[in-house]
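Trainee: The structure is given below, and queries will be raised subsequently.
The values are calculated or read from the model by the stated rules, or taken from the named source; none is laboratory data. All values reported here derive from a predicted model rather than from experimental measurement. Methodologically, a virtual Cβ is constructed for each residue, glycine included, from the backbone with ideal geometry; neighbour enumeration extends over all protein chains shown. Accessible surface is based on the protein model in full, side chains and every heavy atom, while ligands, DNA and RNA are left aside. Shrake-Rupley method; radii C 1.70, N 1.55, O 1.52, S 1.80 Å.
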Amino acid sequence: GAALAAAAGVALVALVAAHRGYDRRVAGQGPGELRAVARGGTAWAAAVLALAVATGTKAPGPTLPAALAAAVVLLLAVRAVERAVLRRRRRQGRLTRPTLVVGPPEHVEELLAALGPVEDGLDPVGVCTTAGAEVEGLPVHGTPDTAAAVAAAVGAEAVVASAALGADQLRRLSWALAGRGVELLVAPHLLEVGAARVEVRPVGATALLAVRVDVPRARRLVKDAADRVGGALLLLAAMVVLLPAGLAVRLTSPGPVLYRQTRIGLGGRPFTMYKLRSMTTDADRRLAELTDRSDGNGTLFKMRQDPRVTPVGRVLRKYSIDELPQLLNVVRGEMSLVGPRPPLPAETATYDDVVRRRLLVKPGLTGLWQVSGRSDLDWEQSVRLDLRYVDNWSVPMDLAILGRTAGAVLGARGAY
């Protein structure tokens, strides 16, 4: 029995490894790592069950399948904790991969911005380009032609090169890096395109990037069903907070408990959004006299010390309790659990064709905007986050945003 258990353990490690579950280059990157563990663990569980059936191994009732499922779930949970610890250490400057960024001057800054936070693992230590002594605070060590030698000199473990270098130059760079233990990553000219939307497709003697431009209908149906069911369950759970909060609103200021406001939803269709009232009843009429005192981002009106907010409303806003009635909008199908913030009709009237893409998905109770700073973000940052979500949303992304929402709410970041 001990020998069989040891063999099963080795088989599990081997199958996860076969799915790149231990590849240091993808460590801490979330979905890909967890997907490798899930696929390897599922294959392992199926193999163990098949072997048990084939050999006539006796297991009482559903004990063996339950144990195998529990083992895979536990492994996923451990990986999620490990990922959080790893990303925290990377924010502290540890366990990162020194990275050299290579490209023409006009693309290097965009490339550096696209690499994202250091917690993703790549830590730029220098640049190879054809102009300037410094780019975004990083030293320029040479030109793209000398990138391989520079990578060795600065101890880079990865080279991120812009596709603007051209096919021949990239090919020569790959030759020069061969045998040095340095990974070559090529950044295509695609803005805010998630990895899940891209696949490499061999055509003739080359490889093309296939980019998904439409969301599969099945995925939309899954999201809609998850929103309605999840929204209903969360609404029931939120009653523990909503009932006393509503009572506090009713007893401390005159006016209705719920505030109703017209917002714009999917496809530009208006709907009535619900919130716990956090302001005085004449708040809308007093808006004009406060417009020039906005702390918002130019398009959205926000004030850190808004005189229209009631004392109870200030607490409700700080912890986003006033937003909980929007779970009713989610259950009714007017909103989603995750998506861009629902805009006012006056805001959408100012949208250009690019910003109007925000209306291609249902507005959300939470989203990238809420977990990335909320009112502390300027308008361009807010739009960029919303468009990133519209173009790349997926069920794993929604789950990740919902997980980060708890931290954003408890920390009260950007809430006023």
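Trainee: Just name the residue that is farthest from Gly403 (Cα to Cα) out of those in segment 12-26 that are open to solvent by less than 40 Å² (accessible area, probe 1.4 Å) and not β-branched (Val, Ile, Thr). If you could, list the steps in order and put the result at the bottom.
Mentor: Step one: of segment 12-26, the residues open to solvent by less than 40 Å² (accessible area, probe 1.4 Å) are 12, 16, 21, 23, 26.
Pick out the ones that are also not β-branched (Val, Ile, Thr) and you get 12, 21, 23.
Working: Leu12: 28, Gly21: 22, Asp23: 25 Å.
The selected residue is Leu12.
Trainee: Residue by residue through segment 147-172, note down the ones that are under 17 Å from His107 (Cα atoms), under 31 Å from the mean Cα position of the chain (by Cα) and aliphatic (A, V, I, L, M).
Mentor: Listed by number, the residues that qualify are Val159, Val160, Ala161, Ala163, Ala164, Leu165, Leu170.
Trainee: For Thr252, are the conditions met, namely being touching a helix residue (DSSP H, G or I) at 6+ places or on another chain (Cβ under 7 Å), among the polar types (S, T, N, Q) and farther than 18 Å from Pro325 by Cα?
Mentor: yes
Trainee: Would you mention how many residues in segment 259-278 are closer than 15 Å to Gly313 by Cα and among the aromatic types (Phe, Trp, Tyr)?
Mentor: Number of matching residues: 2.
Trainee: Does at least one position in segment 343-357 carry a residue that is aromatic (Phe, Trp, Tyr) and in contact (Cβ under 8 Å) with a residue 40 or more places away in the chain?
Mentor: No.
Trainee: Out of segment 287-313, which residues are at pLDDT 75 or above and open to solvent by 80 Å² or more (accessible area, probe 1.4 Å)?
Mentor: Correct list: Pro311 only.
Trainee: Residues to consider are Ala176, Ala151, Ala210; find the one that is open to solvent by less than 60 Å² (accessible area, probe 1.4 Å) and within 15 Å of Gly103 (Cβ to Cβ). Give the steps one after another, and end with the answer.
Mentor: Working: Ala176 fails: within 15 Å of Gly103 (Cβ to Cβ); Ala210 fails: within 15 Å of Gly103 (Cβ to Cβ).
When all the criteria are applied, what remains is Ala151.
Trainee: Would you mention how many residues in segment 19-46 are closer than 14 Å to Leu68 by Cβ and out of contact with any Gly (no Cβ under 7 Å at 6 or more places or on another chain)?
Mentor: Looking only at that region, the number is 7.
Trainee: Give segment 77-100 a look and list any residue that's farther than 25 Å from Val127 by Cβ and in contact (Cβ under 8 Å) with a residue 40 or more places away in the chain, or say none.
Mentor: Across segment 77-100, the qualifying residues are Arg79, Ala80, Arg83, Leu86.
Trainee: I need the full set of residues from segment 27-52 which are open to solvent by 30 Å² or more (accessible area, probe 1.4 Å), closer than 30 Å to Gly121 by Cβ and at pLDDT below 85, in order please.
Mentor: Result: Gln29, Pro31, Gly32, Leu34, Arg35.
Trainee: Could you say whether any residue in segment 277-286 is open to solvent by less than 80 Å² (accessible area, probe 1.4 Å) and part of a helix (DSSP H, G or I)? Show your work before the answer.
Mentor: Going residue by residue through segment 277-286, those that are open to solvent by less than 80 Å² (accessible area, probe 1.4 Å) are 277-280, 282-283, 286.
With the extra rule that they be part of a helix (DSSP H, G or I), the set shrinks to 283, 286.
Yes: segment 277-286 contains one or more residues that are open to solvent by less than 80 Å² (accessible area, probe 1.4 Å) and part of a helix (DSSP H, G or I).
Trainee: How about segment 377-387: which of its residues are part of a helix (DSSP H, G or I) and surrounded by fewer than 18 Cβ atoms within 10 Å (Cβ to Cβ)? So that I can check it myself, show each step before the final result.
Mentor: Kept after step one, since they are part of a helix (DSSP H, G or I), are these residues of segment 377-387: 379-387.
Scanning segment 377-387 gives Trp379, Glu380, Gln381, Arg384.
Trainee: Just to verify a result, which residue in segment 53-71, among those that are of a type in the set (Gly, Ala, Ser), loosely packed, with under 11 Cβ neighbours inside 10 Å and not in a helix (DSSP H, G or I), is farthest from the chain's Cα centre (by Cα)?
Mentor: Only one residue fits best here, namely Gly56.
Trainee: Select from segment 126-146 the residues that are part of a loop (DSSP other than H, G, I, E, B) and either more than 13 Å from Glu106 (Cβ to Cβ) or open to solvent by 60 Å² or more (accessible area, probe 1.4 Å) (or both) and list them in ascending order.
Mentor: First, pick out the residues of segment 126-146 that are part of a loop (DSSP other than H, G, I, E, B): 129-133, 136-137, 143.
Once the filter is applied, which keeps residues that are part of a loop (DSSP other than H, G, I, E, B) and either more than 13 Å from Glu106 (Cβ to Cβ) or open to solvent by 60 Å² or more (accessible area, probe 1.4 Å) (or both), segment 126-146 yields Thr130, Ala133, Glu136, Gly137, Thr143.
Trainee: Could you look through segment 94-121, keep only residues that are open to solvent by 30 Å² or more (accessible area, probe 1.4 Å) and outside any helix (DSSP H, G or I), and pick out the one that is farthest from Val186 (Cα to Cα)? It would help to see each step written out before you state the result.
Mentor: Within segment 94-121, the subset open to solvent by 30 Å² or more (accessible area, probe 1.4 Å) is 94-95, 98, 105-107, 109-110, 113-120.
In the following step, the residues that additionally are outside any helix (DSSP H, G or I) were identified as 94-95, 98, 115-117.
Numbers: Arg94: 24, Leu95: 22, Pro98: 16, Leu115: 12, Gly116: 15, Pro117: 18 Å.
By that ranking, first place goes to Arg94.
Trainee: A further question follows. Just one of the numbered conditions (1) more than 15 Å from Asp120 (Cβ to Cβ); (2) under 33 Å from the mean Cα position of the chain (by Cα); (3) touching a residue at least 12 places away in the same chain (Cβ under 8 Å) is not true of Leu74; which one?
Mentor: Answer for Leu74: the failing condition is (3).
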